[in-house]
Every structure is written in structure tokens, then in C-alpha cells.
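Q: If you scroll down you'll find the structure; I have some questions about it.
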Amino acid sequence: DPAVRTNIEARLSAIEAEHGVRVLYACESGSRGWGFASPDSDYDVRFIYAQPLSWYLRVSHQRDVIELPISDELDINGWELRKALGLLKKGNATLIEWLDSPVVYRSDASFLSAMRDAARQTHRAERSFHHYVHMARKNYREYLQGETVRLKKYLYVLRPLLATLWIEQGRGIAPMRFQDLVDVIVTDSVLREAIARLLVIKRS
């Protein structure tokens, strides 16, 4: 929605003005990035920002996240650059997903290229594998155990499971888009058809 994109870009500019920072990269991190958003899905905007030089020369530790209250279906928060780099060094799967998001609101081209290159160099398959296994188990326990299950919650378990298979097969960093995972990992035609039907219901 162009109006929503304009609103998000305005919010990012307001963050820069209020906090005196520079947003280097901003993207979608939730269902809209995964490719199975419904019309009422929130916009989960995540960004990486840099502080002015004086901030980095301070002796004491400073707050390294910016979080806005959720409003108008917008969930916006970001990580400071040094924090992001520290997490990337450890192969943080969440940050690596951000860098692969198909929905980008703001991007410094050279910065994004360098970060994606760093993500490939620091990718730790075992850490990512366990991240997705933990996510699948957690979502399974929380969402699929009751008498009534919301259909979208099946996708919240399927996606990390397919990501673990992607990594287990030695394919490198798991793509953020759910359909990319399905196209490569799911070879059974009956299962593919069932997933396709589920996606149609979720998106509507």
C-alpha cells in the first residue's frame, strides 16, 4: 500500500530527526516479509541505524535500541549499528533474515551489500539450525496444542521447520520468503497442494 509505505518512511525520518541518528537499512520482518500476510497483518518494521561519532566516543554504555509504541498496525524498532554487528558476528539468524527481506523501506546500497557479505562470512549453520528448531518447537507448543488452532499458526511452525531442513541439507543461509523454502524443500505434491491452500486462506 503506497500510503502505508509513505507513512513508514515518514516515521523513519521522524526517528532520525528526534534521535539524531541515520537509518542505514529498514525492512519488513514479519508475515509481510515472509510472504503470507493477510489484509489485517501488522507491519513489522525493523531497522539498523548509526549514531553520530560523538556517541561512539563515550566511555559509558548507551542505549542501543530504538523502539516505538505499536500504533496504526505499525510495529517499528531498530538496532544500533555496533549492536547489529556484534550480533552478526555471532551469526544471529534474526538479523540475517532482515538482510534478506523482500520488502525494503530504506537502504544504503553499499552498506547493505557489505552487511550481506558479512552475513555470508559469519553464517553459523549449527546456530541457525538450533534457532529455527527452537522457534518451531515454541510455536508448536504455544499455538498447535489446543482444541482450536488458528490456521496461520501452522505456517508459523512450517516455516522454521523448512528452514531447518534447508540448513541441514547444506544449502547455506535459509531464505526469508516462505515460498522459496517450499519450492526447494517440499517435493511431495500432496503436501505442496495443502500448503498452497493454506496460503490462500491465510492471505484472504
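Q: Would you please name the residue that is most open to solvent (accessible area, probe 1.4 Å), looking only at residues in segment 57-75 that are under 12 Å from Val21 (Cα atoms) and either among the polar types (S, T, N, Q) or out of contact with any Asp or Glu (no Cβ under 6 Å at 6 or more places or on another chain) (or both)?
A: The first filter runs over segment 57-75 and keeps only residues under 12 Å from Val21 (Cα atoms), leaving 64-66.
Now narrow it down to the ones that are either among the polar types (S, T, N, Q) or out of contact with any Asp or Glu (no Cβ under 6 Å at 6 or more places or on another chain) (or both): 65-66.
Details: Val65: 30, Ile66: 11 Å².
So, considering only residues that are under 12 Å from Val21 (Cα atoms) and either among the polar types (S, T, N, Q) or out of contact with any Asp or Glu (no Cβ under 6 Å at 6 or more places or on another chain) (or both), the one most open to solvent (accessible area, probe 1.4 Å) is Val65.
Q: Could you list all residues from segment 24-36 that are among the aliphatic types (A, V, I, L, M) and open to solvent by 10 Å² or more (accessible area, probe 1.4 Å)? So that I can check it myself, show each step before the final result.
A: We begin by selecting, within segment 24-36, every residue among the aliphatic types (A, V, I, L, M); these are 24, 26.
Residue satisfying the conditions is Leu24 alone.
Q: While we're here: Of everything in segment 1-50 that's of a type in the set (Ser, Thr, Tyr) and without any contact (Cβ under 8 Å) to a residue 40 or more places away in the chain, which residue is nearest to Arg116 (Cα to Cα)?
A: Residues of segment 1-50 of a type in the set (Ser, Thr, Tyr): 6, 13, 25, 29, 31, 38, 41, 43, 49.
Then keep just the ones that are without any contact (Cβ under 8 Å) to a residue 40 or more places away in the chain; that gives 6, 13, 41, 43, 49.
On the way: Thr6: 26, Ser13: 24, Ser41: 27, Tyr43: 23, Tyr49: 16 Å.
Restricting to residues being of a type in the set (Ser, Thr, Tyr) and without any contact (Cβ under 8 Å) to a residue 40 or more places away in the chain, the top hit is Tyr49.
Q: Take Lys202 and decide whether it is closer than 24 Å to Asp40 by Cα, open to solvent by less than 40 Å² (accessible area, probe 1.4 Å), among the basic types (Lys, Arg) and at pLDDT below 95. Step through it out loud before you land on a result.
A: Working: closer than 24 Å to Asp40 by Cα: yes; open to solvent by less than 40 Å² (accessible area, probe 1.4 Å): yes; among the basic types (Lys, Arg): yes; at pLDDT below 95: yes.
Spelling it out, Lys202 is indeed closer than 24 Å to Asp40 by Cα, open to solvent by less than 40 Å² (accessible area, probe 1.4 Å), among the basic types (Lys, Arg) and at pLDDT below 95.
Q: Among the residues that make up segment 143-165, is at least one of them over 24 Å from Glu193 (Cβ atoms) and in a helix (DSSP H, G or I)?
A: No, segment 143-165 contains no residue that is over 24 Å from Glu193 (Cβ atoms) and in a helix (DSSP H, G or I).
Q: With the condition kept exactly as written, say whether any residue in segment 37-46 is open to solvent by less than 30 Å² (accessible area, probe 1.4 Å) and in contact with a Phe, Trp or Tyr (Cβ under 6 Å, 6 or more places away or on another chain).
A: Looking for residues that are open to solvent by less than 30 Å² (accessible area, probe 1.4 Å) and in contact with a Phe, Trp or Tyr (Cβ under 6 Å, 6 or more places away or on another chain), one finds none in segment 37-46, hence no.
Q: Also, quick follow-up: Take Glu126 and tell me if it is open to solvent by 50 Å² or more (accessible area, probe 1.4 Å), among the charged types (D, E, K, R) and at pLDDT 95 or above.
A: Considered against the rule, which asks whether it is open to solvent by 50 Å² or more (accessible area, probe 1.4 Å), among the charged types (D, E, K, R) and at pLDDT 95 or above, Glu126 comes out as yes.
Q: With Ile70, Ile76, Ile96 as the choices, which residue is β-branched (Val, Ile, Thr), out of contact with any strand residue (DSSP E or B) (no Cβ under 6 Å at 6 or more places or on another chain) and modelled with pLDDT of 95 or more?
A: Working: Ile70 fails: modelled with pLDDT of 95 or more; Ile76 fails: out of contact with any strand residue (DSSP E or B) (no Cβ under 6 Å at 6 or more places or on another chain).
After applying the criteria, what remains is Ile96.
Q: State yes or no: is Gln169 loosely packed, with under 13 Cβ neighbours inside 10 Å, more than 20 Å from Ala84 (Cα to Cα) and modelled with pLDDT of 95 or more?
A: On the way: loosely packed, with under 13 Cβ neighbours inside 10 Å: yes; more than 20 Å from Ala84 (Cα to Cα): yes; modelled with pLDDT of 95 or more: yes.
Criteria met by Gln169.
Q: I need every pair where a residue in segment 116-141 that is in contact (Cβ under 8 Å) with a residue 40 or more places away in the chain has its Cβ under 9 Å from the Cβ of a residue that is surrounded by fewer than 16 Cβ atoms within 10 Å (Cβ to Cβ) and hydrophobic (A, V, I, L, M, F, W, C), sequence separation at least 6 or different chains.
A: none
The values are calculated or read from the model by the stated rules, or taken from the named source; none is laboratory data. This one's a predicted model, so the numbers in the text were calculated from it and none came from an experiment. Virtual Cβ from ideal backbone geometry, glycine too; neighbours counted across all protein chains shown. Note: accessible area is taken over every heavy atom of the protein model, side chains too, but ligands, DNA and RNA are not part of it. Shrake-Rupley method; radii C 1.70, N 1.55, O 1.52, S 1.80 Å.
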